[in-house]
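Accompanying notes for the structure given below.
Derivation of every value follows stated rules applied to the coordinates shown; laboratory data play no part. Nothing here was measured: the structure is a model prediction, and the numbers come from that model. Glycine also receives a Cβ, built like all others from the backbone with ideal geometry; neighbour counts cover every protein chain displayed.
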Amino acid sequence: MKTFTSSHALFQVFSDHDMDRVFLVPGESYLGLLDALVDFPKIDVVTCRHEGGAGYMAVADARLTRRPGVTLVSRGPGASNAAIAVHTAQQDAIPMILIIGQIAARDLRREAFQEIDYQKMFGSVAKWVFECQTPEQLAQAAFKAIRIATSGVPGPVVLVIPEDIQQQTVEKPAFKNHPPIFGLPDAKTLEAITAKLARAEKPVVIAGGEFDCPGGREALAAFAHHWKLPVMVSFRRHDIYANDDPLYVGDLGLSNPAAQMASLQQSDFIIALGTRLGDITTQNYTFPQYAQATQTLLHCYSDSRMINWDTVADFPLVCDTVGLVKVLTQQPAPVPGSARQAWLEELRGHSQSWAAWPNRVPRKGVNFTEVVRAVMNHAPLDTTICLDAGTFAAPVYRHFTFKTGQRLMAPLAGAMGYGTPAALACALREPTRTTICMVGDGGFLMTGNEMILAVERQLPIVFIVSNNASYGSIRLHQERGYPGRVSGTALFNPDFHDLARSFGMESVRIHTKEEIDAVIMSAISQRKPILIEVNTSLDAILP
């Protein structure tokens, strides 16, 4: 290594914290950082085609590793393109560090070429925005960025590094963060919780993203079975709890049926664990009710800011969610009575009725629900399902039975363009697993160019593109609100089959329902990048 520079110091901090991959689109405003990366061969440099794609990859990678995903971009246009990933990281509670090369420090706030004040730009979205002023601050800022991105509600941090402070000689840092140590409720509180669990006739668990950690799912399952508690998962967290488990009673999402919600309102104890209880999970702040729940509410989350934020909890617990359920699992639990069993069967009935597969036959094209059913039937237990945003994904959320070992990677933010980059990040991080990406034609043309990485690195990803020549989700709302008045939602698409082949990837088409099973089975078994274009029916999703 040549002289140890400020850029080396930044990457030394990352390396010391086991951050072994960065996603970037190169820019002249951070050439010093690019130069330093040469001297860190253990940090995998993933060169992307668009800053939005690079950011999405970092978000997905961080969700798997629970370490901050790192994206490097240039100033101005590069930072603007990456903004969508910052928003996604904030909405999805994912630790991310966006590094932006900035104009020279001497020219700051003079409205120089491509200058942006990033505190103003990202201040309401990122957890912390810091613009380094001296070379020594690069390592210090990186050290703090890791801590802030991963503490409390995880989220994005933005580091801004002027181009003229990236190559000065500095001392090698020796910083090491330590995870926060959470306490648990005192003996009196635990006794009260245990007593309420024992007495409750209609309890329900709402399980959230804090169980997405090593041992978290297992601890949740052990707790639920010890106390015989019905379990629902929060918005788009389907893989937190095995959907084929007899205690699983569904998810809280965008369109829960009225009958199910009417039953849930009769619950007497809501045990919200590891969830922020956001607006979608709470069905627009009605379950639990805004301000004061009609049921007894236990809300456990590791960030005090989220406890009592919208609804006051009877048990407001700022602690380690996994640690809490482990302790509660050690407490003696009575055999549940007939009322508890009847309650479980009632909730289970609603869940199974809602998840039943439909048999709608469109006038033309393929009902994408049938493709989703085939994927569920043939996907092995070590499968990661990566979803983009759109109506094509609705049957996954409603009907797909996620079993133990299967993972769901879907943007809580509802961000189009997430699917392809997420699949690439997952296959890079876990190359032995099966990675299946499902994406609509609209979302695919936003970031689908990134799939060249799958060819470059021979990542075994099955890309399934639902092509209905429409922004289907918006068209659906359009037809409901303004029937027959179509504007701005039709798409003129390229030939996705030939496009994939031009990338050097095998490609096949599905035109009929009868072709689905054989194509899906073959694609999964091949263990190489392949694109499946599905001639999807628009008619199947419209009212």
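Some notes on this structure:
- By definition, a body whose alpha carbon gyration tensor gives a ≥ b ≥ c is rounded when a/c is under 1.5, and segment 6-165 falls into this rounded group.
- Distance between the 7 Å Cα→Cβ label points at residue 226 and residue 285: 3.5 nm.
- Net length available on complete extension from residue 254 to residue 186 is 20.8 nm, with 0.36 nm assigned per residue and the Cα-Cα distance removed.
- Between segment 285-306 and segment 38-94, the Cα center-to-center distance that results, in Å: 32 Å
- Per residue, the chain reaches -10500 deg cm²/dmol at 222 nm when only DSSP H runs of four or more residues are counted, each adding -39500 (n - 2.57).
- Spin-label model distance (nm) - residue 339 vs residue 107, 7 Å beyond Cα toward Cβ: 7.3 nm
- Cα centre as origin, Lys/Arg/Asp/Glu Cβ charges: segment 187-355 dipole, Debye: 260 debye
- Exposure proxy for 416, 232, 261: other Cβ atoms within 10 Å of each Cβ, ordered fewest to most, give 261, 416, 232.
- Each 10 Å bin from 0 upward holds the following percent of the Cα-Cα pairs of segment 368-535: 11, 42, 37, 10, 2.
- On a per residue basis, the convex hull of the C-alpha atoms belonging to segment 150-301 measures out at 178 Å³.
- Rounded to 5, the percent of DSSP beta bridges in segment 368-535 classed as antiparallel: 5 percent
- From least to most packed, judged by other beta carbons within 10 angstrom and beginning with the fewest, 412, 72, 184 follow the order 184, 412, 72.
- FRET efficiency estimate (nearest 0.05) - Cβ-Cβ, residue 403 to residue 359, R0 30 angstrom: 0.80
- Cα→Cβ-extended label distance, 7 Å offset, between residue 115 and residue 171, nm: 3.3 nm
- Available extension along the chain between residue 261 and residue 480 is 76.5 nm, counting 0.36 nm per residue and deducting the alpha carbon span.
- Extension gain (nm, one decimal) between residue 457 and residue 430, 0.36 nm per residue minus Cα-Cα: 8.4 nm
- Taking 28 Å as the straight-line reach from the Cα of residue 188, the lysines in range (excluding those fewer than 8 positions away in the same chain) are 196, 202, 228, 326.
- Check: the chain dipole with +1 on Lys, Arg Cβ and -1 on Asp, Glu Cβ, in debye: 700 debye
- 397, 482 arranged by Cβ crowding within 10 Å, fewest neighbours leading: 482, 397
- DSSP-assigned coil residues among trypsin sites (Lys or Arg not before Pro) in segment 358-430, each with at most 16 further Cβ atoms within 10 Å: 360, 363, 364, 403
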